[in-house]
Amino acid sequence: MKNIFVKTKNVKSFVSLTTKLMNANNNAPKMGLIYGEPGLGKTGVILWWSINQDAIIVTAKNGMSARWFLSDLVEELGETPRWNSADLFKQATAKLAENPRMLIVDEIDYLINNSKAIETIRDLHDKTGIPVLLVGMGVVDKKLSRYKHLFDRIIEIYKFVPFDLDDVKLIIKTLAEVEIDDEVILYIHKNANRLRQIIKFLTKIENIAKTNDYKVITKKELGV
């Protein structure tokens with residue numbers, strides 16, 4: 001299987017959203033939200049984006065406090081975290097003022113019930129003026145809406161959707177190292193609409209092709 005990042009429709013929408021955040025006027029809010037069910041490639045796209053755009057990713061964790069969040073952020077910014085929250089906030093804002101970059105907060109769901117952590121993220125956005133992208137699952141948009149001061153700053157929202165047939169075909173044609181018949185691609189689309197599921201199918205197909213020296217995989221070779 002080839003090691004290539006595939007630009008599906010979700011990826012293109014993600015790029016459009018983040019570009020708008022980065023190009024927003026200096027005095028305008030620069031917060032965005034992407035969300036959706038697991039397995040649709042959200043984590044992969046933010047990792048790809050962070051590498052290419054030098055963004056900072058902080059992944060929220062179960063039970064994370066505002067201080068814990070700031071400590072992780074300061075570490076990601078290459079500093080040794082200080083002890084109290086006020087000093088950590090000053091460290092983070094100083095480093096972001098020195099080198100402004102997008103902040104991506106993944107797994108924001110874990111912070112939903114921690115108002116202090118949520119307000120800390122808003123304060124970081126307001127103090128530094130950097131773009132902030134929140135990444136979550138399910139109905140996180142509705143959960144975040146109760147934090148009015150933060151939600152009013154979210155100017156772009158995109159929900160990741162399951163892959164359609166064109167996406168599945170693009171993923172398979174880009175990654176596969178063996179030719180795969182269109183009927184097999186249609187079969188995969190009907191039985192898998194998550195990236196992990198598609199990769200599992202593709203791994204199985206390539207193992208079959210390698211074991212049997214097949215150059216082309218049809219439904220017959222796949223046994224379906």
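Mind ranking 58-70, 205-217 by how tightly packed they are, going by the mean number of other C-beta atoms within 10 angstrom, highest first?
Packing order, densest peptide first, comes out as 58-70, 205-217.
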Among LEU170, LEU21, which comes first, then next, by fewest other beta-carbon atoms within 10 Å?
LEU170, LEU21
Euclidean distance between Cα centres, the stretch 70-114 to the stretch 181-204, Å
39 Å
Honestly the stretch 9-159 on the Cα gyration tensor test (a ≥ b ≥ c root eigenvalues; a/c under 1.5 rounded, otherwise a/b vs b/c for prolate or oblate) is just rounded
All aspartates and glutamates inside 19 Å of LYS9 as judged from Cα atoms, apart from same-chain residues fewer than 8 positions distant
GLU37, GLU156, ASP164, ASP166, ASP167
With a cut-off of 11 Å, note down the residues of the stretch 104-137 whose backbone N falls inside the zone around a label point 7 Å from the Cα of ASN62 toward its beta carbon.
none
Of the candidates VAL178, MET137, THR211, the farthest towards the positive dipole end of the stretch 114-218 (Lys/Arg Cβ +1, Asp/Glu Cβ -1, centred on the Cα centre) is MET137
What ranking do ARG196, ARG122 get, fewest neighbouring Cβ atoms within 10 angstrom at the top?
ARG196, ARG122
Estimated FRET transfer efficiency when R0 is 45 angstrom, pair LYS90-SER16 (beta carbons, to 0.05)
0.85
If R0 is 25 Å, what FRET efficiency do you get for THR211 and LEU165 from their C-beta distance, rounded to 0.05?
0.35
Separation between the THR218 and ASN25 pseudo-spin-labels, each 7 Å from Cα along Cα→Cβ, expressed in nm?
6.2 nm
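I want the local charge near ASP166. Using Cβ-Cβ distances under 13 Å, sum +1 for each Lys or Arg and -1 for each Asp or Glu among the other residues.
Within the 13 Å Cβ shell, the charges total +2.
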Given unit charges at Cβ for Lys, Arg (+) and Asp, Glu (-), the dipole magnitude of the chain about its Cα centre in debye, nearest 20, is 380 debye
Rounded to the nearest 10 degrees, what's the angle between the helix 182-191 long axis and the longest principal axis of the chain, both from Cα atoms, 0 to 90?
50 degrees
For 102-112, 22-32, ranked highest to lowest by mean beta-carbon neighbours within 10 Å, the order is 102-112, 22-32
Relative to the longest principal Cα axis of the chain, at what angle does helix 165-175 sit, 0 to 90 degrees, rounded to 10?
80 degrees
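Just so you know, all these numbers are worked out from the coordinates, no wet-lab data involved. This one's a predicted model, so the numbers in the text were calculated from it and none came from an experiment. No Cβ is skipped: glycine too gets one built from the backbone with ideal geometry, and neighbour counts run over all protein chains shown.
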